[in-house]
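Asker: Pasting in a structure now, in structure tokens, and then I'll have a few things to ask.
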Amino acid sequence: MQLPLEAELNAIFDHVAGIHQGEVADYIPALQAADPDWFGVSLVTVDNHRYDIGDFKQGFTIQSVSKPFAYAIALEQRGIDAVLQRIGVEPSGDPFNAIEFDMNTRRPYNPMVNAGAILTTSLLGDTDSVAAAFARFAGRALELDEVVRRSESDSGDRNRAIAYLMRNFGMLETEVETTLQAYFRQCALLVDTRDLATMGATLANRGVNPMTGERAVSEANVVRVLSAMSTCGMYDYAGEWLYSVGLPAKSGVSGAVLAVLPGQFGLAIFSPPLDGHGNSVRGLAFCREISDRFSLHLLSPPASDTSVVRRAYGGDAVRSKRHRLAAQDDALKRLGSTTKVFELQGQLRFGSCEVLSRAVAAELDRAEVLILDFRRVNTVDRSGASLLRAIGALLESSRAELVLVGAPPEVAEILDAVSFESHSDALEWRENQLLERSSLEPGMARCALADVEVLDGADADFLALIEAAGTYTDYQKGAVIFDVGDHADRIYFVIAGSVDVVLAMGESFHRATTFGPGATFGEMAALYGGTRTARVRAATPCVCFELEVAALNELSRDRPGIALQIHTNIGRVLAHRVAQLSEEVLTLK
Ligand code: DON
């Protein structure tokens with residue numbers, strides 16, 4: 001099966017293959033051996049999916065495409081200050097081999113022209129450490145094309161001239177010939193487009209090689225390397241390149257072009273014929289076409305992300321899964337609006353966090369507790385993290401308390417707040433706070449039959465009869481009290497501890513409601529016949545009073561008024577629950 005992007009890349013490839021302009025480089029004699037028809041393309045995504053077309057297995061020397069990676073290695077090994085002291089980051093507008101320097105600082109203009117690249121190489125550590133560093137980018141050890149290395153060494157007098165000048169300025173502190181040999185070796189590393197695309201994807205993937213998972217360079221240095229590629233990677237064509245294609249890129253005289261779309265992919269093209277700037281003609285054409293076709297220009301603004309707040313509601317409209325007795329329920333209806341829940345989604349970046357910050361600020365006069373639910377947030381980038389910090393500071397200076405749900409570690413580190421795994425747990429915690437405040441016990445540890453809500457109105461005699469007709473049963477935590485499909489012949493009153501009603505969804509079970517002391521469960525199926533439609537299990541060690549429907553009916557024969565009262569109570573409790581659920585459905589729709 002051909003993937004959609006494969007078809008698109010093939011179409012661009014076929015189109016670009018029709019271009020026959022350009023000349024194979026000849027100033028390094030060995031490069032002339034290249035077949036002008038070689039044409040290979042590889043694209044590697046940050047999740048390591050690979051697309052390869054044409055002569056993607058054809059080896060070639062990396063040449064100047066080594067420069068951004070050598071620069072990355074120098075930044076890693078020597079630190080930014082030492083590197084910037086010697087090599088600028090200013091586009092020169094000159095060809096790659098220009099003998100030009102910034103005469104104020106005596107620095108080469110940038111690390112992408114030969115002067116800057118030779119100086120970069122002079123800053124690198126021993127051969128083994130450099131080879132290992134290149135291998136981390138490529139995901140394998142790179143070999144040397146000895147013929148090309150020797151050929152460049154034999155013909156590299158212009159680079160020698162550049163190096164001697166730099167030594168004369170006091171910028172190059174190492175021996176000219178030693179440094180040049182290291183530079184020629186670096187340029188003669190043998191790669192194919194798959195290697196280069198992987199190296200580019202490593203930059204796209206914030207410095208982590210997507211194939212090996214190994215970090216090749218720090219994130220901060222990736223930004224520096226990509227910046228230099230954007231402004232200087234294509235030499236005296238760099239401005240036009242950024243203007244029209246808009247991807248950080250680097251070309252090499254062997255005919256390679258590497259382009260990077262940060263966060264997305266590395267793209268390598270190999271086709272030896274070069275234009276007058278020393279850039280592969282087909283390489284440029286391929287990049288231009290893919291950028292146009294998919295609007296990949298780095299500076300085209302991403303779609304604005306204003307849907308960060310998926311839903312917002314008050315704690316009066318949506319409740320935790322903890323079942324509440326009537327008086328508690330009334331109190332929560334009254335006080336719940338002081339709780340505000342924001343369900344967040346997508347990527348937390350500067351723009352989306354700014355939208356969130358306004359939503360939060362608008363609630364500060366009203367809300368006492370703000371619950372931020374991060375379970376649907378996929379990523380928080382640095383800019384988003386900085387704004388989250390500012391939101392945290394705003395909340396700290398307000399009277400509102402922040403509560404987190406499903407916060408990823410990086411968020412929990414920024415926002416100092418109580419944290420829960422589910423929004424129901426967060427709501428339950430807040431509801432308990434509100435109930436305590438209104439002097440209603442959030443949950444009795446243990447109740448008597450007289451406290452059971454559906455027995456409201458039963459006198460002591462009748463309670464005694466009921467007690468005699470049923471049984472108290474202890475359950476261990478996790479014990480299944482009844483399961484889906486069980487015959488329903490009794491109703492249960494929770495006396496101590498709590499039970500969860502769980503619904504099967506595929507293979508897993510989801511908690512629907514939690515009942516504590518005073519609540520009744522299992523009444524529907526028991527009173528209206530049939531089998532159980534949910535599983536109920538002990539959430540904690542618990543005690544339930546179990547009353548068989550037959551026994552209740554027996555009792556009702558003597559005391560019909562009381563039976564009616566119980567049925568009325570059950571009806572009232574159920575109606576209440578349905579009303580609450582309807583409101584939640586409307587709120588959450
Ligand atoms: O220094 C040189 O001349 C070569 N080793 C590399 C030059 C290069 O690839 C220029 N890029 N277009």
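The values are calculated or read from the model by the stated rules, or taken from the named source; none is laboratory data. What you see is a predicted model; the values in this text were computed from it and never measured. Using ideal geometry, Cβ is built from the backbone for each residue, glycine included, and neighbour counts are taken over all protein chains shown.
Asker: Mind listing just one residue for me: the one in segment 255-286 that is more than 16 Å from the ligand (Cβ to nearest atom) and either of a type in the set (Ser, Thr, Tyr) or closer than 24 Å to Ala188 by Cβ (or both) and, of those, farthest from the chain's Cα centre (by Cα)?
Answerer: For segment 255-286, the residue satisfying everything is Leu267.
Asker: Select from segment 209-244 the residues that are closer than 18 Å to Asp275 by Cα and surrounded by fewer than 24 Cβ atoms within 10 Å (Cβ to Cβ) and list them in ascending order.
Answerer: Asp236, Tyr237, Ala238, Gly239, Glu240, Leu242, Ser244
Conditions (1) over 26 Å from Glu401 (Cα atoms); (2) over 17 Å from the mean Cα position of the chain (by Cα); (3) of a type outside the set (A, V, I, L, M, F, W, C), marked per residue:
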| residue | (1), (2), (3) |
| --- | --- |
| Leu299 | yes, yes, no |
| Glu363 | no, yes, yes |
| Asp373 | no, no, yes |
| Ala385 | no, no, no |
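Asker: Then there's this: Has segment 301-317 got at least one residue that is of a type in the set (A, V, I, L, M, F, W, C), over 29 Å from the mean Cα position of the chain (by Cα) and in a loop (DSSP other than H, G, I, E, B)?
Answerer: Yes, some residue in segment 301-317 is of a type in the set (A, V, I, L, M, F, W, C), over 29 Å from the mean Cα position of the chain (by Cα) and in a loop (DSSP other than H, G, I, E, B).
Asker: If you go through segment 58-87, how many residues are small (Gly, Ala, Ser), within 32 Å of the chain's Cα centre (by Cα) and within 16 Å of the ligand (Cβ to nearest atom)?
Answerer: 2
Asker: Which members of segment 88-110 meet the condition of being within 16 Å of the ligand (Cβ to nearest atom) and within 17 Å of Val176 (Cβ to Cβ)?
Answerer: Across segment 88-110, the qualifying residues are Asn97, Ile99, Pro108.
Asker: Let me ask something else. Please note which helices (runs of 4 or more DSSP H) are completely contained in segment 1-110 and include at least 3 residues that are loosely packed, with under 15 Cβ neighbours inside 10 Å.
Answerer: 4-17, 80-86
Asker: Among Val113, Val130, which is the only one that is within 20 Å of Arg185 (Cα to Cα), within 16 Å of the ligand (Cβ to nearest atom) and either of a type in the set (Gly, Ala, Ser) or surrounded by fewer than 23 Cβ atoms within 10 Å (Cβ to Cβ) (or both)?
Answerer: Val130
Asker: How many residues, within segment 214-254, are more than 29 Å from the chain's Cα centre (by Cα) and part of a strand (DSSP E or B)?
Answerer: Result for segment 214-254: 2.
Asker: If a residue has to be modelled with pLDDT of 95 or more and in contact with a Ser or Thr (Cβ under 8 Å, 6 or more places away or on another chain) to count, how many in segment 17-31 make the cut?
Answerer: Selection size over segment 17-31: 1.
Asker: While we're here: Of all residues in segment 159-175, which are under 22 Å from Ile62 (Cα atoms) and crowded, with 16+ Cβ neighbours inside 10 Å?
Answerer: Passing the criteria: Asn159, Ile162, Ala163.
Asker: Can you find a residue in segment 287-302 that is modelled with pLDDT of 90 or more and within 16 Å of the ligand (Cβ to nearest atom)?
Answerer: Yes, segment 287-302 has at least one match.
Asker: Just checking: which of the strands (runs of 3 or more DSSP E) contained wholly in segment 330-449 hold 2 or more residues that are closer than 30 Å to Asn205 by Cβ?
Answerer: Fully inside segment 330-449 and qualifying: 339-348, 369-380, 401-405.
Asker: If you don't mind, another one. Would you say Ala238 is within 16 Å of the ligand (Cβ to nearest atom), more than 27 Å from Trp38 (Cα to Cα), touching a residue at least 60 places away in the same chain (Cβ under 8 Å) and not β-branched (Val, Ile, Thr)?
Answerer: No: the conditions fail for Ala238.
Asker: Can we say Asp55 is more than 19 Å from Glu214 (Cα to Cα), over 30 Å from the mean Cα position of the chain (by Cα) and free of Cβ contacts under 8 Å to residues at least 12 places away in the same chain?
Answerer: Answer is no for this residue.
Asker: If you go through segment 561-578 one residue at a time, do you hit one that is touching a strand residue (DSSP E or B) at 6+ places or on another chain (Cβ under 7 Å), among the charged types (D, E, K, R), at pLDDT 85 or above and surrounded by fewer than 17 Cβ atoms within 10 Å (Cβ to Cβ)?
Answerer: no
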